[in-house]
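What follows is one structure encoded as structure tokens, with my remarks underneath.
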Amino acid sequence: KRLAEVMDWKSEPCSLGQDYGWKTCNSAIVIVSKGTDGILLVRMVHKYPTDGSDVDIYKDDVDLSRRFNNRFIVADDCPNGYLTNQRLKNDGFPIVLFNFRSDQNAGERNRGYYLLRTAINTGKLKLTNNAELIKQMKTTVEIKKKINVTIEAAPGERSDLVDSLCMACYPFLIKEDDSGELISLVNYNQDIIKTEVSDYRRDKEWAALKGN
């Protein structure tokens, strides 16, 4: 059974993941908490309209930091988020920048996604009943290119919510990874899916989440 989303959560450490939209893409926020048992729980999912402004996002970050015990704000390190990120940093918020778009950062981005999937498959992450987030998880694919491998939304699909979820979980999962708790469960040489150059198919494991 999936969780219901909440408007506040102060009793456990939380992490906020923030993806910035661009033109036809939406900005999004996902907040997760970490219980004393080490389980991550998705507490809130929010997607902005495409006409939202950076001022709105900053105000929401401030408000959400009052209502949630945010130990981290993991934000997309991209040009359209620069002003908001800089303002959060200058105002003393615990911001961590994560670059999803640069090929030179694909290794760290892919690591975040491998850790995310491992957490779901091993029961270390519990999801809310958010239909759009689940859909995006099912249509996130691994694409093999000539030089590298990227994990991104399939053509015609969106990844704003799942990117935000990946960023929100990352600080908690990377700490467990470094301690050896999760590292043995992640096979970095095993493809999420097998693809050809510039081609893709949906990951059956992601699709299996439908019955969870």
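Numbers for the structure displayed
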| quantity | calculated |
| --- | --- |
| Tabulated pairs, the range 43-72, first of a type in the set (Asp, Glu), second assigned to a strand (DSSP E or B) and surrounded by fewer than 20 Cβ atoms within 10 Å (Cβ to Cβ), C-beta under 9 angstrom, 6+ apart or interchain | 60/46 |
| Single unsatisfied condition, residue 100 versus (1) of a type outside the set (Ser, Thr, Tyr); (2) within 15 Å of residue 74 (Cβ to Cβ); (3) modelled with pLDDT under 90; (4) outside any loop (DSSP other than H, G, I, E, B) | (4) |
| Every residue from the range 7-37 that is among the acidic types (Asp, Glu) and part of a loop (DSSP other than H, G, I, E, B) | 8, 37 |
| Out of 59, 47, 34, sole residue that is touching a Phe, Trp or Tyr at 6+ places or on another chain (Cβ under 8 Å) and open to solvent by 20 Å² or more (accessible area, probe 1.4 Å) | 34 |
| Criterion violated by residue 56 - all others in (1) assigned to a loop (DSSP other than H, G, I, E, B); (2) modelled with pLDDT under 90; (3) farther than 18 Å from residue 97 by Cα satisfied | (1) |
| Checking residue 171 against (1) modelled with pLDDT of 75 or more; (2) in contact with an Asp or Glu (Cβ under 6 Å, 6 or more places away or on another chain), the condition it does not meet | (2) |
| Top-ranked residue of the range 3-31 - restricted to ones that are acidic (Asp, Glu) and under 16 Å from residue 61 (Cα atoms), ranked as surrounded by the fewest Cβ atoms within 10 Å (Cβ to Cβ) | 8 |
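The values are calculated or read from the model by the stated rules, or taken from the named source; none is laboratory data. In this text, all values refer to a predicted model and were calculated from it rather than measured experimentally. Ideal geometry is used to build each Cβ from the backbone, glycine not excepted, and the neighbour counts take in all protein chains shown. Ligands, DNA and RNA are excluded from the accessible area calculation, which covers all protein heavy atoms including side chains. Shrake-Rupley method; radii C 1.70, N 1.55, O 1.52, S 1.80 Å.
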